[in-house]
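So the structure is just underneath, and the comments pick up after that.
The values are calculated or read from the model by the stated rules, or taken from the named source; none is laboratory data. Predicted, not measured: the structure shown is a model, and the values here were computed from it. FYI the Cβ positions are ideal-geometry reconstructions off the backbone, even for glycines, and counts take in every protein chain you see.
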Amino acid sequence: MTDDMTIQIDSEEYVLRQDGDGLQVGRRNGADVAWLDTVDLDLLPGPAREALERGDTSDEALMTALRGVTQAEVERGG
């Protein structure tokens, strides 16, 4: 994955960007992106990493992994 990808999770639109060994997860706010977290790619399940490599934002494994990331952000009060 070299470019930003947009993914729809439930009713929210998120932006994904690979940053070295991490995956930046942000929430789109108009034309801007509020970056929420950077997740170590090794922490994602294999199928989710494979979906990222393919650019498949509709993959259920990727969506499930990102729901966990976004839920952790909500619980932290982000």
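Restricting attention to region 47-76, report how many residues are in contact (Cβ under 8 Å) with a residue 12 or more places away in the chain and part of a helix (DSSP H, G or I). The number of residues fulfilling the criteria is 15.
Please tell me if ARG28 is charged (D, E, K, R) and modelled with pLDDT under 90. Full working, then the answer.
Details: charged (D, E, K, R): yes; modelled with pLDDT under 90: yes.
Taking the combined requirement at face value, the residue satisfies it.
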